[in-house]
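What follows is one structure encoded as structure tokens, with my remarks underneath.
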Amino acid sequence: MLISQDGEGKKFAEIRGHGAAMIRRLFLPAGKDCLTETRKSDERAPVIIPRSEHTVSRANISKNALKVLYRLKDGGYQAYLVGGGVRDLLLGLRPKDFDIATDARPEEVRALFSNCRLIGRRFRLAHVRFGREIIEVATFRAMGEAQDDEGHVVHESGRILADNVYGTVEQDAWRRDFTINALYYNIADYSVWAFADGLHDLEARCLRLIGEPERRYREDPVRMLRAARFAAKLDFEVHPDAAAPIPGMAALIDGVPAARLFDEFLKMFQFGHAFASYRQLRRLGLFDHLFPQTAGRLAAAEDDHEERMIEQALRNTDQRVREGKPITPMFLFGVFLWPTVEARAAELMARDSNCSEAQALVSASTEISLLQARRIALPRRFSFPMREMLQLQPRFLQMRGKRAMSLLSHRRFRAAFDLMLLRAEVGELDGEIATFWTGIQEQSPQEQRKTLGTSSGRRRRSSSRSRRQGSAP
Ligand code: ATP
Ligand code: MG
């Protein structure tokens, strides 16, 4: 996942709304409704919109992306900003990243930039690095009817495993996923090239796949997740032709590598549209294939408190993103897994009367997170703290003594506290417990000791020692 760090948020607010107006004036035939119209986008030639008639401005493109575009152009190559970068700028949004397409081969791109690395097997791509920003440069590729004959490696299920047949910008456009992503900004004259009637769909706020939906999903099942994500992020409708096959094909997600699904998880849930993404995933039958245990648990639940807890966590995450507060993927992961972990821990305790709640939670959280890792590869740096956050939950019931004090200084206190608040909000815990732990954080260390009943007697151990001891769940 590539994230722009250019910090130019202000400018985007100014052009919001503007872009849409420009497109409307130029491209949308009055009275046409994208969602009821089944149109065959087989017009191969692009619509070319000159600079004077669109709102994509260099002022809103990352300086590094411009550097790459110009260097390619000066090297005698074609160079376009492509996909989400152009789409978001036309919508008046701030792009998450800037991708570039060119007729230069990956090795030729590498020769132009010292800060460039070639990556990928399925697609060979060039990554040009500028500090924390990475500009992805892809060589135009071909795809089409003669796909198999042209040397693509295709799995028997129809999935594309390798796709390195180079082509022209026209050919490149038709292998892209949605029409609104087949948009190119040409650095040679600053025009926008729109293929597959993408501007029409952009204006109609409609997600339409290029080509035949079933085939496109078979080639790459992640496109189904992308449909859910773009619908959520952009507040677009998925065209019925693109939405209808998804529930029946959702099981293809099971064959996608778990590491790629973690990247998709981040894009869906860490960029301010987590709640909407979740709703789309559920609606389209995709969530069951990302979090099968959670989906099973929600389906079997007697009431909706677990679902409400998950939805509240998603809203809170979106709110934190809006406020620029830090977020971590382990928190939502933990919330998704908590209902299953809790149920499994109860089962273990019922089976063995010597098993404490703490032990049961350690076993259950390990077991459930290992099962989940087969679907989505949550890196260890997140899965370990996530389990700690879950395992700390019973500790909130103890509101006196040293154990309570050490909970306060536990490195996972904050995340565990946030999860506990959610549980209290949906009635899983007594509200007084939440009030107690909220209040005590406002107190001075001395007051805290008094509240928890640890202030009497000799001086306390050094704080570093107590923190060390307290870090064991
Ligand atoms: P965002 O950056 O907001 O996630 P994006 O559309 O830019 O949205 P990227 O994942 O950055 O998405 O991909 C850049 C472009 O590459 C897309 O706009 C699309 O044209 C193309 N693309 C990406 N993934 C696929 C895919 N699985 N199948 C076909 N085309 C794809
Ligand atoms: Mg992008």
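The values are calculated or read from the model by the stated rules, or taken from the named source; none is laboratory data. What you see is a predicted model, and the numbers here were worked out from it, not measured in a lab. Don't worry about glycine lacking a Cβ; one is built from the backbone with ideal geometry, like all the others, and counts go over all protein chains shown. We work out accessible area using only protein heavy atoms, side chains counted, and drop any ligands, DNA or RNA first. Shrake-Rupley method; radii C 1.70, N 1.55, O 1.52, S 1.80 Å.
If you take the residues in the range 240-255 that are open to solvent by less than 10 Å² (accessible area, probe 1.4 Å) and out of contact with any strand residue (DSSP E or B) (no Cβ under 7 Å at 6 or more places or on another chain), which one is nearest to Arg121 (Cα to Cα)?
As a first pass, look at the range 240-255 and keep what is open to solvent by less than 10 Å² (accessible area, probe 1.4 Å): 242, 246, 250, 253.
Pick out the ones that are also out of contact with any strand residue (DSSP E or B) (no Cβ under 7 Å at 6 or more places or on another chain) and you get 246, 250, 253.
Values: Ile246: 27, Ala250: 25, Ile253: 20 Å.
It comes out as Ile253.
Taking Glu264 as the residue in question, decide whether it is part of a helix (DSSP H, G or I), within 16 Å of ligand 1 (Cβ to nearest atom) and under 24 Å from Ser365 (Cα atoms).
For Glu264, the condition - part of a helix (DSSP H, G or I), within 16 Å of ligand 1 (Cβ to nearest atom) and under 24 Å from Ser365 (Cα atoms) - is met.
Looking at the range 420-433, I want the residues that are under 19 Å from Glu388 (Cα atoms) and touching a residue at least 40 places away in the same chain (Cβ under 8 Å) and have a partner that is hydrophobic (A, V, I, L, M, F, W, C) and open to solvent by less than 40 Å² (accessible area, probe 1.4 Å) with Cβ atoms under 6 Å, at least 6 apart or on another chain. Which pairs are those?
Hits for this filter: Leu422/Met309; Leu422/Ala313; Arg423/Leu429.
Any residue that is within 25 Å of Leu314 (Cα to Cα) and surrounded by 21 or more Cβ atoms within 10 Å (Cβ to Cβ) - is there at least one of those in the range 351-362?
Taking every residue of the range 351-362 in turn, at least one turns out to be within 25 Å of Leu314 (Cα to Cα) and surrounded by 21 or more Cβ atoms within 10 Å (Cβ to Cβ).
Kindly list the number of the only condition in (1) closer than 30 Å to Ala59 by Cβ; (2) open to solvent by 10 Å² or more (accessible area, probe 1.4 Å) that fails for Glu237.
Here Glu237 clears every test but (1).
Quick check, is Ile100 touching a His at 6+ places or on another chain (Cβ under 8 Å) and within 16 Å of ligand 2 (Cβ to nearest atom)?
no
Within the bounds of the range 201-208, is there any residue that is farther than 26 Å from Arg375 by Cα, of a type outside the set (A, V, I, L, M, F, W, C), more than 16 Å from ligand 2 (Cβ to nearest atom) and assigned to a loop (DSSP other than H, G, I, E, B)?
Yes, the conditions are met somewhere in the range 201-208.
Being under 22 Å from Glu264 (Cβ atoms), assigned to a helix (DSSP H, G or I) and not hydroxyl-bearing (Ser, Thr, Tyr) narrows it down to one of Leu348, Leu337, so name that one. Talk me through it step by step, then tell me what you get.
Working: Leu348 fails: under 22 Å from Glu264 (Cβ atoms).
Within the list Leu348, Leu337, the selection yields Leu337.
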